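Engineer: Here it is, the structure, as structure tokens.
The values are calculated or read from the model by the stated rules, or taken from the named source; none is laboratory data. Bear in mind that the values here come from a model prediction, so they are computed numbers and not experimental data. Glycine also receives a Cβ, built like all others from the backbone with ideal geometry; neighbour counts cover every protein chain displayed.
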């Protein structure tokens with residue numbers, strides 16, 4: 001992983017930072033803050049929203065990317081990070097690992113675990129279609145959920161210039177992803193779920209051993 005794939009221009013507010021994606025930003029911050037970290041490393045900072053938000057709530061956040069145009073704190077490859085073991089409390093990567101071939105994504109995850117002292121949080125695209133829905137309950141507020149869209153067989157994945165693979169496409173069922181992540185590095189799965197307001201994003205929260 002020694003060249004950038006996504007141009008900075010894709011991270012425009014009107015097209016990239018949608019209302020649905022804001023829901024994912026909330027879950028990113030919520031899951032990382034649950035570890036009560038002092039230091040956080042984000043791989044692939046994109047538009048920089050996560051760092052800007054999380055830094056306001058206590059942790060010292062640094063970023064790593066190959067693209068200097070994104071102004072990361074560290075310009076380096078994610079599969080060979082220039083940090084000591086357990087250098088950061090939490091290491092995270094959101095909608096990033098699918099931008100490299102599957103085998104390489106596992107190498108990056110292993111490296112993330114090496115650098116993390118407490119936990120690793122990632123999100124990945126889940127191609128199994130779901131319809132997000134919400135309703136308001138008096139005195140409770142909005143409740144969100146999603147309904148699966150019936151499909152006879154999973155889709156074949158075709159490289160679109162960005163994503164090499166996605167969960168629940170042919171060859172990449174969820175059970176395989178869970179198995180491979182669990183066995184590539186010493187971690188314990190805490191939870192995995194899809195964001196109700198943005199079900200294309202599936203989160204994985206791991207505690208390091």
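Engineer: Name every residue in the range 101-123 that is under 15 Å from residue 79 (Cβ atoms) and in contact with a helix residue (DSSP H, G or I) (Cβ under 7 Å, 6 or more places away or on another chain), in order of residue number.
Structural biologist: If the condition is that a residue be under 15 Å from residue 79 (Cβ atoms) and in contact with a helix residue (DSSP H, G or I) (Cβ under 7 Å, 6 or more places away or on another chain), then 105, 106, 108, 109, 110, 120, 122 are the ones that fit.
Engineer: Also: Looking at the range 102-185, what strands (runs of 3 or more DSSP E) fall wholly within it and have at least 2 residues that are at pLDDT 80 or above and within 17 Å of residue 201 (Cβ to Cβ)? Steps first, answer last, please.
Structural biologist: Details: elements: 116-125, 130-137, 141-148.
By residue number, 116-125.
Engineer: Among the residues of the range 82-104, how many are within 25 Å of residue 162 (Cβ to Cβ) and either surrounded by fewer than 18 Cβ atoms within 10 Å (Cβ to Cβ) or in contact (Cβ under 8 Å) with a residue 40 or more places away in the chain (or both)? Before the answer, list the steps.
Structural biologist: Looking only at the range 82-104, we keep the residues that are within 25 Å of residue 162 (Cβ to Cβ), and these are 91-104.
The next check asks that each one be either surrounded by fewer than 18 Cβ atoms within 10 Å (Cβ to Cβ) or in contact (Cβ under 8 Å) with a residue 40 or more places away in the chain (or both); those that pass are 91-96, 98-104.
Selection size over the range 82-104: 13.
Engineer: Could you please give the count of residues in the range 182-203 that are in contact with a helix residue (DSSP H, G or I) (Cβ under 6 Å, 6 or more places away or on another chain) and either free of Cβ contacts under 8 Å to residues at least 60 places away in the same chain or within 11 Å of residue 167 (Cβ to Cβ) (or both)?
Structural biologist: Number of matching residues: 1.
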